1. Quick check: net charge around B:ILE218, other residues with Cβ under 12 Å of its Cβ, Lys/Arg +1 and Asp/Glu -1?
2. Out of A:VAL270, A:VAL92, A:VAL41, any idea which swings most in a Gaussian network model of chain A, alpha carbons joined below 10 Å?
3. To the nearest 20 debye, what charge dipole does chain A have about its Cα centre, counting +1 at the Cβ of each Lys and Arg and -1 at the Cβ of each Asp and Glu?
4. What is the Cα centroid distance between the stretch B:108-169 and the stretch A:55-103, reported in whole angstrom?
5. Aspartates and glutamates near A:LYS108 by alpha-carbon distance under 20 Å, same-chain residues fewer than 8 away left out - which ones?
6. Which of the pairs A:LYS22/B:LYS102; B:LYS34/B:LYS221; A:LYS84/A:LYS136 have their Cα atoms more than 26 Å apart in this structure?
7. Would you mind telling me the antiparallel percentage of the DSSP bridges in the protein assembly as shown, rounded to 5?
8. Between beta-carbons, use under 12 Å as the cut-off and find the net charge around A:LEU189, counting Lys and Arg +1, Asp and Glu -1.
Amino acid sequence: MTKTVTIAHGNGGEENNELIKKIFYKHFENDILAKSEDAAVIEDGKLAFTTDSFTVSPLFFPGGDIGKLAVCGTCNDLAMMGAKPKYMTCSVIIEEGFSTRELEKIVKSMKTELEINGAIVVSGDTKVVPKGAVDKLFINTTGIGQIEHKGITASGLKEGMSILVSRDVGAHGATIFAAREGIELASSLQTDCASLYPQVKALIDAGIHIVAMRDATRGGVSAVLNEWAKSSDVCVEVTEESIPVQEEVRGICEMLGFEAVDLANEGTFVLCVEKADEAKALDVLQRTHTTSTVIATISEQHKGKVILNSSWGTKRFLDLPTGELLPRIC
Amino acid sequence: MGLELKHLYDNFRDGDTIKAYAKIIAEDAKKLKKPINIMEVCGGHTHTIMKFGLPQLLPDNVNFIHGPGCPVCIMPKERIDHAYVLSMQPDVILVTLGDMIKVPGSNGSLQDARAKGSDVRFVYSPMECIKIAQENEDKKVIFFAIGFETTTPMTAVLVEQVIKQKISNIFFHINHVTVPEVMVELIDSRDVHVDSYNNQIDAFLGPSHVSVISGSKIYDKFPKDYGRPVVVTGFEPVDAMQGISMIVKQFVEERCEMEVQYKRVVNHDGNLKAQALIEKYFEKMSLFRWRGLGNVPDSGLKLREEYRDYDAEVLYKDVLPIAEIEDHKLCICGDILRGMAKPQECTIFGTACKPTTPIGSCMVSSEGACAAYYKYGNLI
């Protein structure tokens with residue numbers, strides 16, 4: 001463990017895990033926390049409970065803003081445990097001098113997103129801090145949801161099962177990078193930021209047995225697959241060609257030396273189902289996004305690892321993203 | 001429909017074309033009299049080769065030696081310490097390119113310096129320094145310049161603009177290095193580790209982007225004076241496979257030439273305007289110390305004497321450390337860069353030395369050989 005916290009400790013990858021395990025888990029240790037799922041399952045499996053903070057810069061980006069993100073993020077963590085989002089809290093930390101008009105715009109977009117989820121904000125807190133103490137505006141939301149599909153877990157993957165993505169990957173990360181770096185690209189790229197509960201409900205209503213489900217936020221699809229491979233002690237075999245990536249996202253990845261599967265998403269999830277449920281699940285997901293597809297199967301070849309199979313017959317590991325995502329030099 | 005970004009890479013990753021080249025190479029390699037070792041000089045090539053799993057497609061008698069062409073990897077620790085110390089000086093904003101931020105020096109990385117409160121920024125283009133300098137007129141902006149021939153012209157353009165626009169708060173710490181000099185070092189220098197001139201390099205895959213600037217002429221001497229063929233090659237997997245195929249054919253046909261695979265951009269003379277700009281502002285350092293390889297004559301650049309007022313190394317010479325810092329004694333990066341060992345032969349590879357806690361030069365950047373082996377694994 002390094003002596004000071006660096007940006008890399010918040011990347012959703014290896015360093016992030018180390019920080020959480022060696023400091024927070026060590027002192028907060030309990031059985032529920034130890035499961036380290038997207039949301040904690042409490043009250044005999046009836047409720048899901050989670051929290052998330054939002055510090056995105058810029059606050060407004062193509063396809064969304066920090067408000068939409070703050071509701072989607074927390075509601076999606078609940079939805080990923082098979083829960084219907086019900087009650088939320090909303091805490092904001094505002095930098096002195098922030099525009100009230102922008103604040104209201106952000107709160108309005110939170111409202112729109114709450115309605116999609118059928119959730120309400122029932123408690124909140126507001127703090128204003130001197131200039132420079134935060135970057136414009138940070139939001140924390142906490143949510144409680146009612147579990148409608150039990151037993152979803154990262155440790156349930158078995159040989160022969162199928163893994164699907166709900167849409168093309170990496171759009172949020174690429175959008176933020178393009179907006180942040182000032183690369184001045186003419187692009188129609190938009191974040192994928194969206195509430196996932198409606199899709200989860202459709203899967204449950206179709207009678208699909210959900211083995212594992214996770215939204216591919218920080219660390220992207222590779223972080224989800226690596227975590228599943230480790231938790232379930234299986235090998236996840238990805239067909240590289242099948243991973244859906246928009247042209248614009250690929251272009252940004254090529255320029256900066258990133259991989260789309262490492263980029264953050266805010267409205268894209270990874271789903272593991274029995275082979276028998278594959279076609280039905282795909283049909284449900286494609287009703288929302290035609291780009292949804294099967295990307296991987298489970299085997300026992302290299303337990304705990306994710307393997308990427310190329311169309312020319314080579315294999316390589318798809319590792320957990322490490323460090324801060326930085327553009328390649330030459 | 002105009003040219004889209006995808007046209008620049010789509011066809012060059014076509015599975016069937018890659019397989020077809022694998023077949024040609026396998027057929028030709030049967031006629032080789034002895035196994036050949038090809039050094040891909042550039043870290044970008046190492047990355048392509050490992051990411052796309054190309055060694056899995058090659059016959060046993062065609063091997064890769066992973067070269068020293070990663071500007072972050074070869075930076076000796078004392079120069080990383082320079083960046084760290086400069087970033088800690090009062091009223092300084094240290095600006096550099098991407099990956100450099102992660103590399104640990106003896107006090108930590110620039111990432112650590114930033115966590116301790118210093119103002120470190122990474123930019124995609126050095127020209128962004130001008131904007132930073134204008135927005136922070138009371139601060140000194142130091143551009144910590146790194147890279148091979150590919151990034152040197154961008155630094156030269158920045159120097160020119162700083163002078164033309166009379167910007168008084170941008171300074172430079174130059175760490176630009178050149179490719180041909182280190183190639184000569186690798187094949188023609190006494191290896192201190194084994195005390196011999198024994199190297200295993202039979203041919204070179206030359207990086208195409210370097211030749212976009214410097215032309216293919218910089219490699220003319222390798223077949224002529226050193227008996228090593230060079231094929232200037234692009235960075236997509238189809239490019240790399242074609243380049244390898246061209247090298248194998250040279251051996252089968254007993255030729256020893258400089259050839260260009262990446263003809264769609266590279267010519268013999270290169271970009272003369274960029275070369276003139278580099279020549280105008282930079283001159284060769286008599287020695288530059290490469291991490292893992294030691295001192296290499298004429299391989300580094302510095303600002304010319306007349307621009308010393310812009311040189312942060314001159315301005316801050318009283319605070320910059322000068323002692324050379326060696327890597328851990330178990331680290332075998334020197335041998336790996338000379339093609340005498342593979343990463344997995346190192347006792348600390350993947351154990352003490354990992355991408356998150358790199359010890360040797362080949363692990364520090366994603367383009368180093370050890371980092372590529374660690375990240376993509378070896379699944380043959």
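Any read-out appearing in this document is the output of simple, stated calculations on the displayed coordinates, not a laboratory observation. Here the structure is a predicted model, which is why all the values come from computation and not from measurement. When we count neighbours, we look across all protein chains shown, and the Cβ atoms used for this are built from the backbone with ideal geometry, even at glycine.
1. Value of the local net charge: -2.
2. Result: A:VAL92 has the largest fluctuation of those listed.
3. The dipole magnitude comes to about 420 debye.
4. Each part reduced to its Cα centre gives a spacing of 35 Å.
5. Those aspartates and glutamates meeting the cut-off are A:ASP52, A:ASP65, A:GLU95, A:ASP125, A:ASP192, A:GLU266.
6. A:LYS84/A:LYS136
7. Values: 55 of 102 bridges.
Roughly 55 percent of the beta bridges in the protein assembly as shown run antiparallel, per DSSP.
8. With Lys, Arg at +1 and Asp, Glu at -1, the neighbours total -3.
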